[in-house]
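I have placed the structure first, in the form of structure tokens, so that the comments after it can refer back to it.
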Amino acid sequence: MSETFVASILVIEDDPQQIKLYSQALAGYRLTCVTTGTAALKVLERDLPDLIRLDHVLENGEVGTKFLPLLKQTAAHVPVIIISGTLGLDEQLVALQGPDSAHYVMRKPVHLTKLRETVKQALDECGFGEMVRSMRSLERAERLATSERERLFTERLARQYDLLKRLRGATVKPNISQLADDFRVDRRTIRRDLQDLVDRGQLPVVVVEGEPLE
């Protein structure tokens with residue numbers, strides 16, 4: 001199979017030259033490009049990306065950071081990278097604070113190697129990964145009266161997070177038996193984990209094609 005299991009990035013940018021630049025720098029990812037925050041919200045109604053790349057000054061006079069709370073309300077677990085040449089220091093600090101904050105703010109012109117490194121770090125460690133770490137931390141602190149069902153749910157999310165990191169960039173269909181051995185669970189559990197990731201749009205449907213649930 002030739003398809004690669006790659007992460008999806010929603011690019012919110014109104015400058016065609018910048019879009020071309022990002023398309024080259026982030027070759028290998030699945031990019032969806034829009035020029036306004038309004039259009040981005042419509043995209044999020046249909047599908048959630050793995051990462052959002054947001055500009056500050058957008059088409060039709062829209063301001064990217066004004067849309068940040070709306071983007072986070074719709075896709076709270078999706079990491080956001082703001083790239084802008086117009087944000088002042090105070091505005092950058094505001095964008096990185098609070099419950100609806102971005103994960104990173106980068107100034108234009110951005111070094112493309114640094115951009116690729118930041119995107120990889122955001123995909124690997126932010127969003128989904130943060131959620132798993134928070135749930136584990138709460139369990140350790142005994143701030144939750146953790147039932148067996150809740151413990152299993154946390155383990156399931158953690159396993160799916162590890163599966164997602166392992167399969168991103170893969171070019172062959174996953175070996176269900178090998179994954180079951182690696183994670184010390186049965187094949188049925190792995191297939192359900194993969195189906196959950198597909199249903200959330202985090203992996204393409206091809207990873208479970210021909211692998212019906214028992």
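The values are calculated or read from the model by the stated rules, or taken from the named source; none is laboratory data. All figures in this text were calculated on a predicted structure; none of them were measured in a lab. With ideal geometry, Cβ positions are generated from the backbone for all residues, glycine too; neighbour counts draw on all protein chains shown. Surface accessibility is based on the protein's heavy atoms, side chains included, excluding ligands, DNA and RNA. Shrake-Rupley method; radii C 1.70, N 1.55, O 1.52, S 1.80 Å.
Compute the accessible area per residue over segment 32-80, keeping the other protein chains in place, probe 1.4 Å, unit Å².
Solvent-accessible surface per residue comes out at 44 Å².
Work from the charge dipole of the chain (Cβ charges, +1 for Lys and Arg, -1 for Asp and Glu, about the Cα centre) and give the residue of PRO99, LEU164, GLY201 farthest towards its positive end.
LEU164
Points 7 angstrom from Cα along the Cβ direction at ASP186 and LEU152: gap in nanometres?
1.2
Subtract the Cα-Cα distance of SER101 and VAL57 from 0.36 nm times their separation in residues, and report this length gain in nm to one decimal.
The span from SER101 to VAL57 would gain 14.1 nm if fully extended.
Based on Cα coordinates alone, diagonalise the gyration tensor for segment 60-135, multiply each eigenvalue by 5, take square roots, and list the semi-axes in whole Å, largest first.
Working from the Cα gyration tensor, I get semi-axes of 21, 17, 11 Å.
With N denoting the number of residues in segment 101-180, provide Rg(C-alpha) divided by 2.2 N^0.38 Å, to two decimal places.
Cα Rg divided by the expected 2.2 N^0.38 Å: 1.43.
Compute the long axis of helix 128-140 from its Cα atoms, compare it with the longest principal axis of the Cα atoms of the chain, and write down the angle in degrees, 0 to 90, nearest 10.
The helix 128-140 is inclined about 60 degrees to the chain.
Report the dimensions of segment 23-76 along its three principal axes from the alpha-carbon atoms, largest first, rounded to Å.
In descending order, the Cα extents are 29, 21, 15 Å.
On alpha-carbon atoms, Rg over Rh for segment 94-146 using Kirkwood Rh?
My calculation puts Rg/Rh at 1.13.
Treating only the Cβ atoms of Lys and Arg (+1) and Asp and Glu (-1) as charged, compute the dipole magnitude of the chain about its Cα centre; round to the nearest 20 debye.
So the magnitude is around 360 debye.
First measure r as the distance between the Cβ atoms of LEU21 and GLU91, then evaluate 1/(1 + (r/R0)^6) with R0 = 25 Å and state the FRET efficiency to the nearest 0.05.
So the FRET efficiency works out to roughly 0.65.
So what is the relative contact order for the chain, in percent, with contacts set as C-alpha pairs under 8 Å and at least six apart?
21
Hey, how many Å between the Cα centroid of segment 63-132 and the Cα centroid of segment 3-49?
14
At a temperature of 10 °C and a viscosity of 1.306 mPa s, determine how fast segment 20-116 diffuses translationally according to Stokes-Einstein, using the Kirkwood radius over alpha-carbon pairs as Rh; express D in µm²/s, rounded to the nearest whole number.
The Stokes-Einstein estimate is 115 µm²/s.
May I ask you to give the percent of accessible area on segment 56-162 that is carbon plus sulfur, with a probe radius of 1.4 Å?
Ligands and nucleic acids excluded, carbon and sulfur reach 53 percent.
Across segment 77-214, what fraction of all alpha-carbon pairs, as a whole percent, falls in each successive 5 Å bin from zero upward?
The percentages, shortest bin first, are 2, 8, 15, 16, 16, 14, 11, 9, 5, 3, 1, 0.
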